[in-house]
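Notes for the one structure printed next.
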Amino acid sequence: MTSPPEARIGDATLGKAADENFPVAPFFLPRAWRDDLMAVYGFARLVDDIGDGDLAPGGADARHLGLEPEQSDDRLAMLDAFEADLHRVFASTGDEPRHPLLRNLRPTVRRRALTPEPFLGLIEANRQDQKIRRYGTYAELAAYCELSANPVGRLVLALTGTTSPERVRRSDAVCTALQIVEHLQDVAEDLARDRIYLPAEDMERFRVTETDLAAPTAGASVRALIAYEAQRASDLLDEGPPLVGSVDGRLKLLLAGFVGGGRSALTAISAAGFDVLPGPPKPTKHSLLREVGIVLRRARGER
């Protein structure tokens with residue numbers, strides 16, 4: 001039996017969860033949590049696909065958002081339409097959301113009493129990607145991560161009813177670290193899209209040019225720069241074990257998976273000699289499990 005086209009759109013987007021550095025909604029979580037996490041992931045993945053121009057061909061997403069199929073390539077128009085549909089998710093009256101992934105998000109928003117701000121931040125990050133392609137300082141990059149990454153951690157805390165100021169602070173550090181790690185893995189891919197997420201001040205310090213980043217393999221200066229940024233991410237991930245240690249039960253395993261995923265990705269980058277230019281170094285399942293175990297042991301000591 002052939003799946004309805006709407007279901008295929010959602011399945012294609014949600015299926016990308018398997019490619020992430022960390023488990024998005026692992027089996028050991030309660031079914032309600034898994035459903036809510038996948039609903040939020042579907043939103044986050046789709047908005048990133050709009051911003052990156054990675055939508056499925058055919059224009060179905062544009063049609064769902066009330067645009068013409070040929071407008072799929074107009075990223076700012078798509079993001080505006082997506083934001084308008086997001087407001088339908090939170091509206092108590094009027095039309096239901098048009099896009100199937102946003103219709104799927106609505107029950108989660110209502111059940112968990114989520115607010116629009118984290119979702120709007122993710123949309124704004126993708127708008128910023130259309131306008132800003134270089135970052136002069138680390139402070140500028142961190143401000144971008146505040147929009148592009150930190151809302152995800154805040155949503156996880158909100159979904160699980162564990163939000164507190166201290167957890168939010170530590171979660172923000174972990175999420176910024178995970179975003180930096182992803183940037184390091186994707187240097188070549190981002191450059192092909194005319195984007196560089198390595199701060200210009202750091203590139204100047206290590207005497208790295210854009211031409212150096214376009215080489216098939218990294219020279220010594222590029223490797224030194226990547227090692228420097230990797231250490232920065234590692235330092236931020238040190239906020240992970242205290243965060244993990246502050247919660248109980250299955251949430252502890254989930255958060256350890258996020259932190260361990262970042263650690264194992266950094267291990268892969270280091271194992272590649274910090275040469276990320278041939279392609280993104282990917283962590284192994286064994287490495288992920290080992291790092292999760294280390295995080296859990298450290299978390300026990302942090303309690």
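The values are calculated or read from the model by the stated rules, or taken from the named source; none is laboratory data. Not measured: the values here are computed from a predicted model. Cβ coordinates were reconstructed from backbone atoms using ideal geometry, including for glycine residues, and neighbour counts include every protein chain displayed. In case anyone asks, the SASA skips ligands and DNA or RNA and just uses the protein heavy atoms, side chains included. Shrake-Rupley method; radii C 1.70, N 1.55, O 1.52, S 1.80 Å.
Would you point out the residue of the stretch 246-256, among those that are closer than 17 Å to D172 by Cβ and more than 21 Å from the chain's Cα centre (by Cα), that is most open to solvent (accessible area, probe 1.4 Å)? The residue in question is S246. Residue pairs whose Cβ atoms lie under 7 Å apart, sitting 6 or more positions apart in sequence or on different chains, and linking a residue in the stretch 239-254 that is more than 18 Å from L289 (Cα to Cα) to a partner that is among the acidic types (D, E), are P242/E302. Considering the conditions (1) over 27 Å from D52 (Cα atoms); (2) modelled with pLDDT under 95, P241 is excluded by exactly one of them, (2). Looking across the stretch 128-180, the residues that are crowded, with 17+ Cβ neighbours inside 10 Å, in contact (Cβ under 8 Å) with a residue 60 or more places away in the chain and of a type in the set (K, R) come down to R167, R170. Could you grab me the full set of residues in the stretch 271-284 that are surrounded by 14 or more Cβ atoms within 10 Å (Cβ to Cβ), at pLDDT 95 or above and either within 11 Å of E189 (Cβ to Cβ) or touching a helix residue (DSSP H, G or I) at 6+ places or on another chain (Cβ under 7 Å) (or both)? Answer for the stretch 271-284, where residues must be surrounded by 14 or more Cβ atoms within 10 Å (Cβ to Cβ), at pLDDT 95 or above and either within 11 Å of E189 (Cβ to Cβ) or touching a helix residue (DSSP H, G or I) at 6+ places or on another chain (Cβ under 7 Å) (or both): F274, D275, V276, L277, P280, P281. Checking P100, P118, P69 one by one, the residue that is over 30 Å from E210 (Cα atoms), out of contact with any Cys (no Cβ under 8 Å at 6 or more places or on another chain) and surrounded by fewer than 16 Cβ atoms within 10 Å (Cβ to Cβ) is P69 and no other.
Which of the following residues is of a type outside the set (G, A, S), on the phi < 0 side of the Ramachandran plot and assigned to a helix (DSSP H, G or I): R133, R110? Spell out how you get there, then give the answer.
Details: R133 fails: assigned to a helix (DSSP H, G or I).
Every option except R110 fails the conditions.
Got a number for residues in the stretch 68-101 being in contact with an Asp or Glu (Cβ under 8 Å, 6 or more places away or on another chain) and in a loop (DSSP other than H, G, I, E, B)? Before you say what the answer is, go through the steps one by one.
To start, the set of residues in the stretch 68-101 that are in contact with an Asp or Glu (Cβ under 8 Å, 6 or more places away or on another chain) comprises 72, 78, 88, 97-100.
Restricting the remaining residues to those that are in a loop (DSSP other than H, G, I, E, B) gives 97-99.
Here the count works out to 3.
With respect to being within 21 Å of the chain's Cα centre (by Cα) and not in a loop (DSSP other than H, G, I, E, B), L105 fits the description.
Search the stretch 136-180 for residues being touching a helix residue (DSSP H, G or I) at 6+ places or on another chain (Cβ under 6 Å) and not in a helix (DSSP H, G or I), and hand back the single one that is farthest from M203 (Cα to Cα). Per the criteria, the residue is T160.
Any chance the stretch 230-242 includes a residue that's in contact with a Ser or Thr (Cβ under 9 Å, 6 or more places away or on another chain) and basic (K, R)? Within the stretch 230-242, none of the residues are in contact with a Ser or Thr (Cβ under 9 Å, 6 or more places away or on another chain) and basic (K, R).
Listed conditions (1) of a type outside the set (F, W, Y); (2) under 23 Å from R205 (Cα atoms); (3) within 18 Å of the chain's Cα centre (by Cα) are all met by Q130, apart from (2). Only one entry in R263, R297 is in contact with a helix residue (DSSP H, G or I) (Cβ under 8 Å, 6 or more places away or on another chain) and assigned to a helix (DSSP H, G or I), namely R263. Screening S264 on (1) more than 20 Å from D190 (Cα to Cα); (2) surrounded by fewer than 20 Cβ atoms within 10 Å (Cβ to Cβ); (3) among the hydroxyl-bearing types (S, T, Y) shows it passes everything except condition (2). The number of residues in the stretch 181-225 being among the hydrophobic types (A, V, I, L, M, F, W, C), surrounded by fewer than 16 Cβ atoms within 10 Å (Cβ to Cβ), outside any helix (DSSP H, G or I) and over 25 Å from the mean Cα position of the chain (by Cα) comes to 1.
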